[in-house]
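The values are calculated or read from the model by the stated rules, or taken from the named source; none is laboratory data. Note that the structure is a prediction, hence the values are computed from the model and not measured. In this analysis, Cβ positions are derived from the backbone assuming ideal geometry, glycine residues included, and neighbour counts consider all displayed protein chains. The protein model used for the area step is the full one, side chains on, heavy atoms only, and it has no ligands, DNA or RNA in it. Shrake-Rupley method; radii C 1.70, N 1.55, O 1.52, S 1.80 Å.
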Amino acid sequence: MAIEFRGARLAPLHDLTISAPSSSVIGVVGEKGGGKAALLQLASGSALPEAGEVIAAGNRRYVGPLDALQLSPVDILLLEHSLAHHDALVRARALAGIDRLRSAGATVLIVSHELDLLQTICDEVWWLHAGELVQRGDPRQVLDAYRQSIAEKVRAWGATLKSPLRPAMRRGDGRAEILSIETLDGAGNPTTVWKSGESATVRVSVRYHDQVTEPVIGILIRTRVGLEVYGTNTELEKVTTGIYAAGDCMLTQFDFRCDLCPGEFTITAASHDADGATHDWVDDAVAFAVADSRYTAGVANLRAKVKVLTSVPR
């Protein structure tokens with residue numbers, strides 16, 4: 001084995017036993033404090049284990065986040081977020097250089113938050129958490145599990161946040177005032193982060209300052225760059241709203257399945273007459289995010305089912 005950790009301990013790592021063979025690229029992921037930096041310190045020889053041992057065969061080189069990308073021949077190469085600050089051309093050349101090192105028998109350890117990059121180039125991924133090895137193995141399987149863990153934590157964090165009304169623009173004749181826009185999860189709990197595919201709810205609260213008959217309440221979801229993703233209103237959904245006098249309030253609820261790709265979005269809401277005369281319109285008034293355990297390109301998560309119907313043998 002090109003490098004082996006035998007019961008190695010260096011805070012926060014404890015009793016780490018794992019090995020990386022020659023001719024391999026190993027990705028290392030984990031949250032802050034998981035032990036990634038300590039792993040590289042042990043692997044590079046810049047720190048000695050407090051217990052256990054690290055056995056490394058050949059020359060070792062560490063490349064940090066701001067270091068020059070030195071990819072000349074070496075037995076063990078240790079990269080810590082080394083590609084994050086480089087442009088596409090430099091990154092492409094670096095990936096080709098890493099592949100050459102692998103072919104020459106080197107062992108490469110890459111610590112990175114760029115999961116797609118790791119899935120592309122790595123032979124194996126190690127997931128560290130709180131100083132322990134949670135999972136190792138096939139990059140796709142390990143990274144999917146890691147994404148799932150992160151998505152759940154982001155989802156839980158989103159439940160602790162409030163969604164203040166901060167419209168980018170507001171217009172209307174003043175006959176109504178949108179008081180709040182709430183985003184709720186499938187259980188009816190407030191959240192600012194939905195998980196892709198879960199049941200979601202948007203509630204719009206409106207107070208009327210003049211009598212209004214059959215007001216139309218609508219919502220519009222946009223991406224952060226302004227792409228309109230989905231919109232509907234009570235008129236389109238054939239919902240009767242009634243008559244509201246000055247001082248009356250109305251709470252309208254929109255329930256749907258959040259089939260969006262991971263990303264950041266905004267909600268616009270409005271109250272208006274059937275002829276389009278606007279009482280109150282708040283543009284991009286509330287922000288929310290969508291998290292998922294897997295990467296999906298685009299905006300709509302259509303959850304395709306893929307199968308191969310024919311194959312041609314070579």
Any residue in region 294-314 that is outside any loop (DSSP other than H, G, I, E, B) and at pLDDT below 95? yes
Answer residue from region 288-314, given it is of a type in the set (A, V, I, L, M, F, W, C) and open to solvent by less than 50 Å² (accessible area, probe 1.4 Å) and is farthest from V225 (Cα to Cα) among those: A291
In the list A156, A200, A176, A187, which residue meets the criterion of being without any contact (Cβ under 8 Å) to a residue 12 or more places away in the chain, within 20 Å of F254 (Cβ to Cβ) and among the aliphatic types (A, V, I, L, M)? A187
Qualifying positions in region 221-245 - more than 22 Å from T296 (Cβ to Cβ) and open to solvent by less than 70 Å² (accessible area, probe 1.4 Å): T232, N233, T234, T241, G242, Y244, A245
Among the candidates D283, D255, single out the residue that is in contact (Cβ under 8 Å) with a residue 12 or more places away in the chain, over 22 Å from the mean Cα position of the chain (by Cα) and open to solvent by 70 Å² or more (accessible area, probe 1.4 Å). D255
Output the residues belonging to region 36-70 that are touching a Lys or Arg at 6+ places or on another chain (Cβ under 8 Å) and surrounded by 18 or more Cβ atoms within 10 Å (Cβ to Cβ). A43, S44, P49, V54
Those strands (runs of 3 or more DSSP E) lying entirely in region 1-71 with at least 3 residues closer than 21 Å to G131 by Cα and of a type in the set (A, V, I, L, M, F, W, C): 3-10, 13-20, 24-29, 51-56
Selected residue [surrounded by 15 or more Cβ atoms within 10 Å (Cβ to Cβ), in a helix (DSSP H, G or I) and without any contact (Cβ under 8 Å) to a residue 60 or more places away in the chain] from L118, L101, L143: L101
If we take region 167-220, then strands (runs of 3 or more DSSP E) inside it with 2 or more residues that are open to solvent by less than 70 Å² (accessible area, probe 1.4 Å) and more than 20 Å from D273 (Cβ to Cβ) are 176-184, 193-195, 199-208
Tally the residues that are open to solvent by 30 Å² or more (accessible area, probe 1.4 Å) and in contact (Cβ under 8 Å) with a residue 12 or more places away in the chain, restricting the search to region 71-90. 9
Residue list for region 16-32, filter: open to solvent by 50 Å² or more (accessible area, probe 1.4 Å) and either under 28 Å from the mean Cα position of the chain (by Cα) or without any contact (Cβ under 8 Å) to a residue 12 or more places away in the chain (or both): E31, K32
